[in-house]
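To start, the structure under review is shown below, and the notes come after it.
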Amino acid sequence: MINDANPELYFAEDGAPRSGRFGDIYYSLQDGLSETRAVFLAGCNMPEMWRGRGGISLLELGFGTGLNIAAVMQLWARTREPGAHLHIFSIEGFIMSAQEAGQALRNWPELAEMTDALLAQWPKSRRGFHYMDFPQWGVSLTLGLMDVRAALTAWQGMADAVFLDGFSPALNPDMWADDVFAQIAAKTRAGAPLATFTVAGFVRRGLQAAGFSVEKKPGFGRKRERLEAIRTGEVAVRPARPHKIAVIGAGISGCALVYQARLLGIGVDLFEAGNPGAGASGNEGALVTPRLDAGANAISDLYADAFAYAGALYRRLCPEAILSEGAHQYEATDRDASRFARIVTQTGFADGDLRLFSAGEAIDGPTSSGIYIATALSVQPRTVLDALLAGQQPVQVRVTGVTPSTVQGEDGDFTGYDAVILACGEGMLDLAGEGVRLQPVRGQVECVALTDGPGGAISWGGYALPLADGVLFGATHVRDDRGSDIRAEDRALNIANLAKVIPAGAAMAEHLPSRSRASVRVTTPDYLPVAGQAESGVWLLTGLGARGFCLAPLLAKAVMTQILCKTFALQRQTERLIDCRRSSV
């Protein structure tokens with residue numbers, strides 16, 4: 001296995017799930033749900049702790065079966081303030097399968113609505129952050145599937161409550177170490193409660209040394225005692241919650257921002273001079289694939305997490321948008337064979353997500369081998385945009401300028417926003433100012449009614465993907481060109497490029513009518529996106545290049561989380577990659 005995250009789970013004769021790796025049970029044999037409610041929910045004074053709050057953040061160590069999460073989501077859904085949002089960050093080193101979790105959770109039909117929703121988004125076993133949205137209850141869950149120390153280092157949130165629910169300290173002492181307690185304390189707000197089932201002396205002393213006041217409480221079931229703790233320190237005044245933001249641009253970035261704002265309970269006005277998808281997000285098909293980086297580094301972490309989130313979101317939110325699944329990426333240089341061999345071993349992808357393939361596997365034409373991305377998608381962009389917008393119509397106005405609280409239009413200003421976000425593709429070149437170096441790249445694609453096309457998406461330097469009535473292929477790549485006119489020479493170039501992999505199809509395409517489309521993407525000097533607040537105070541989401549449908553959902557979450565919570569939703573090591581003020585842009 002690439003990812004050795006198997007808990008070696010088995011179900012004992014009593015029906016309880018147990019970890020063979022740690023030799024411990026996942027929950028009380030008497031009643032796991034009652035234990036969760038008594039030890040963790042009541043132990044953290046829920047729901048009283050969130051009364052009157054617009055949102056809270058919960059940190060959990062020990063995701064396990066997901067029982068605690070389902071229980072807290074149910075309580076939150078029943079008692080939250082209107083529009084309030086719950087963010088959960090949970091850590092798990094050894095994830096069970098969705099089937100195993102379903103068997104473990106079926107004992108509590110009263111939680112079925114929550115457990116069914118949780119199981120529908122249950123993550124694969126891949127190292128990284130897994131993002132799950134439950135907009136019907138105002139909940140987002142981030143699961144850090146990795147070592148507890150790495151997860152706490154990577155997470156940049158601040159907890160309003162903590163569930164400490166790992167396996168027994170005697171059987172899993174690594175999770176109950178003093179340095180872990182110090183990390184927890186550093187990520188917990190003063191005044192926040194912590195609850196755990198154990199009263200082990202070294203746990204109690206470790207929490208006290210880290211900065212918690214600790215008190216023994218009556219235990220659940222056969223356990224005589226448990227611990228409740230409070231993070232010491234001066235309770236800080238919380239910043240005012242934003243109520244309304246403005247988003248400029250209704251391409252994939254802008255629409256993803258609208259979706260995230262709705263999830264977080266924030267009002268949003270969307271500005272677009274034309275219709276959604278009028279720019280580079282308006283092609284008839286789009287590939288959802290990650291940038292494959294041979295180094296297991298922050299770049300590969302960013303793209304692996306974003307790719308997993310985008311694919312899961314589209315499958316859940318708009319399955320009707322999916323044209324095909326899987327993509328064959330052919331070797332384009334002599335170095336690609338060794339590069340692909342390293343990439344398929346990366347832990348940021350689940351087993352089976354990536355594999356090497358031999359020449360001739362996908363189509364008859366190419367002689368090269370390559371890497372197959374099993375979870376890649378080809379999608380209909382307009383269907384995706386409509387699903388993200390959920391009926392919201394843009395304010396149709398040409399934006400001429402922005403400030404941190406104002407959108408300036410040709411016929412007047414729109415004011416009173418808590419944040420203004422530029423996500424307008426090519427329009428960034430006119431509105432973003434001089435703080436960020438952006439470059440336009442013109443691309444033209446062709447849609448032709450080919451019968452001799454690929455069964456799924458392929459890429460080789462160009463790309464081709466199946467449509468309902470043919471094949472979309474391209475694209476040209478012309479820097480510093482903002483023209484959107486259709487050019488015969490670009491069509492000829494696209495057909496010549498297609499001939500490298502599908503000669504017969506290219507020959508046919510020369511004599512068939514083509515629906516050509518040209519648009520302008522925006523890139524940065526280091527080919528990495530920009531997501532964050534510029535020195536002007538305006539927020540930016542740009543520079544996604546050809547990876548918009550892969551990157552936009554997660555980067556939109558990162559921007560909106562920064563606006564709402566003043567924290568960063570992505571792994572810490574990726575923050576510098578997308579910072580507006582990094583030296584490379």
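Worth pointing out:
- Assuming charge only on the beta carbon of Lys and Arg (+1) and of Asp and Glu (-1), the dipole of the stretch 428-505 about its Cα centre is about 180 debye to the nearest 20.
- Computed from phi, the 3J(HN,Hα) profile of the stretch 372-383 under the Karplus parametrisation 6.51, -1.76, 1.60 (θ = phi - 60°) reads 9, 9, 5, 9, 5, 10, 10, 10, 8, x, 5, 5 Hz, with x in place of Gly and Pro.
- Binning all Cα-Cα separations of the stretch 169-256 at 5 Å, short to long from zero, yields these whole-percent fractions: 3, 12, 18, 16, 12, 8, 6, 7, 8, 6, 4, 1.
- Here is the list for the stretch 102-193: trypsin sites (Lys or Arg not before Pro) lying in DSSP coil, each with at most 13 other C-beta atoms within 10 angstrom of its C-beta, are ARG106.
- Over the stretch 19-124, the Kirkwood radius and the radius of gyration, each from Cα atoms, give a ratio Rg/Rh of 0.96.
- For the chain, the C-alpha radius of gyration divided by 2.2 N^0.38 Å, with N the number of residues, is 1.02.
- Per-residue Karplus couplings for the stretch 333-347, computed as 6.51 cos²θ - 1.76 cosθ + 1.60 with θ equal to phi - 60°, are listed in order as 9, 5, 7, 5, 4, 5, 5, 5, 4, 6, 5, 5, 9, 5, 7 Hz, Gly and Pro entered as x.
- Whole-angstrom gap from the stretch 194-212 to the stretch 213-236, using each part's C-alpha centre: 8
- From least to most packed, judged by other beta carbons within 10 angstrom and beginning with the fewest, THR65, THR451 follow the order THR451, THR65.
- Peptides 79-92, 169-182 ranked from most to least packed give 79-92, 169-182, packing being the mean of other C-beta atoms within 10 angstrom over each peptide's residues.
- The chain: antiparallel DSSP beta bridges as a percent of all, rounded to 5: 65
- Between 0 and 90°, nearest 10: helix 252-264 axis offset from the chain longest Cα axis: 20
- Compared with the dominant Cα axis of the chain, that is its longest principal axis, helix 548-565 is turned about 40°.
- Bridge type composition, the stretch 9-231 - antiparallel percent by DSSP, nearest 5: 50
- Sorting 66-72, 479-485 by their mean Cβ neighbour count within 10 Å, with the most densely packed peptide first, gives 66-72, 479-485.
- Cα gyration tensor shape for the stretch 42-98, rounded if a/c is under 1.5, else prolate or oblate: prolate
- For the stretch 9-231: rounded, prolate or oblate by the Cα gyration tensor [a/c cutoff 1.5]: rounded
- Measuring between their Cα centroids, the stretch 288-312 and the stretch 474-546 lie 21 Å from each other.
- C-alpha long axis of helix 67-79 to longest principal axis of the chain, angle in °: 90
- Of the peptides 423-431, 96-104, 442-450, the order by per-residue mean of other Cβ atoms within 10 Å, starting with the highest, comes out as 442-450, 423-431, 96-104.
Quick note: the coordinates plus some simple rules give every number you see, no bench work behind them. What you see is a predicted model; the values in this text were computed from it and never measured. Positions of Cβ are backbone-derived with ideal geometry, glycine not excepted, and every protein chain shown enters the neighbour counts.
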